[in-house]
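Beneath this line is the structure, given in structure tokens, with notes to follow.
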Amino acid sequence: MALNDNPDEYAKLRANPSLVEKLVPETIRYQSPIIHMRRTAKRDAELRGQKIAKGDKVVMWYVSGNWDEDAIPQADKFIINRAKPRRHLAFGAGIHRCVGDRLAELQLQILWEEVLKRQMDIEIEGEPERLYSNFIRGIRTLPVRIRA
């Protein structure tokens, strides 16, 4: 969807298939498949003037973090040749980072390499049916046309 919504980026990818390595993490950042995660504070802390007490429940909004202009320049834009594309929070961080992150990236990279090798054109034909969830930001169905 992001490539269809940004035809200049799609053209950039077709012209330079090596950009797949940056396309994948940028897509994951831009889509942010996990909406949020809740944690419990282990100690008193302060974050940007907000006091957090030991035992408080804290919600991390990945979509917000992945679109934070203070951390990611032009965060609202889908840019497949972004300088530091893996600098996002979609897989969590620190000890809470997803152990399957590299496998997920590799699967998507291989998929896009094969799509580009076969010169397949994926065109969206209708509106997505979104998954009804407050945790996963997913798509249940999306009608597309694939031309080789």
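The values are calculated or read from the model by the stated rules, or taken from the named source; none is laboratory data. The model shown is predicted, which means the values in this text are computed figures rather than measured ones. Cβ placement follows ideal geometry from the backbone for every residue including glycine, while neighbour counts extend to all protein chains displayed.
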Just the residues that are aliphatic (A, V, I, L, M) and in contact (Cβ under 8 Å) with a residue 24 or more places away in the chain, please, taken from the range 7-51.
L13, L19, V20, L23, V24, I28, I34, I35, M37
Limited to the range 22-49, what total is found for residues that are in a strand (DSSP E or B) and surrounded by 14 or more Cβ atoms within 10 Å (Cβ to Cβ)?
3
Checking the structure you have, find out if any residue of the range 114-121 is touching a residue at least 24 places away in the same chain (Cβ under 8 Å), among the β-branched types (V, I, T) and either assigned to a helix (DSSP H, G or I) or surrounded by fewer than 12 Cβ atoms within 10 Å (Cβ to Cβ) (or both).
no
Output for Cβ contacts, cut-off 8 Å, separation at least six or different chains, first residue free of Cβ contacts under 8 Å to residues at least 60 places away in the same chain and farther than 13 Å from A90 by Cα in the range 52-75, second assigned to a strand (DSSP E or B) and of a type in the set (G, A, S), reads I52/A45
Selection from the range 124-139 of residues that are under 17 Å from the mean Cα position of the chain (by Cα) and outside any loop (DSSP other than H, G, I, E, B)
R130, I136, I139
Of the residues that make up the range 96-107, is at least one assigned to a loop (DSSP other than H, G, I, E, B), out of contact with any helix residue (DSSP H, G or I) (no Cβ under 6 Å at 6 or more places or on another chain) and surrounded by 12 or more Cβ atoms within 10 Å (Cβ to Cβ)?
yes
Is one or more of the residues making up the range 50-71 surrounded by 13 or more Cβ atoms within 10 Å (Cβ to Cβ), closer than 23 Å to N16 by Cβ and modelled with pLDDT under 95?
no
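When you look at E127, is it of a type in the set (D, E), surrounded by 12 or more Cβ atoms within 10 Å (Cβ to Cβ) and at negative phi, yes or no?
Details: of a type in the set (D, E): yes; surrounded by 12 or more Cβ atoms within 10 Å (Cβ to Cβ): no; at negative phi: yes.
For E127, the condition - of a type in the set (D, E), surrounded by 12 or more Cβ atoms within 10 Å (Cβ to Cβ) and at negative phi - is not met.
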What are the residues in the range 80-95 that are surrounded by fewer than 19 Cβ atoms within 10 Å (Cβ to Cβ), touching a residue at least 12 places away in the same chain (Cβ under 8 Å) and farther than 18 Å from W61 by Cα, if any?
N81
Could you list all residues from the range 66-104 that are among the acidic types (D, E) and closer than 19 Å to R137 by Cβ?
D68, D76, D101
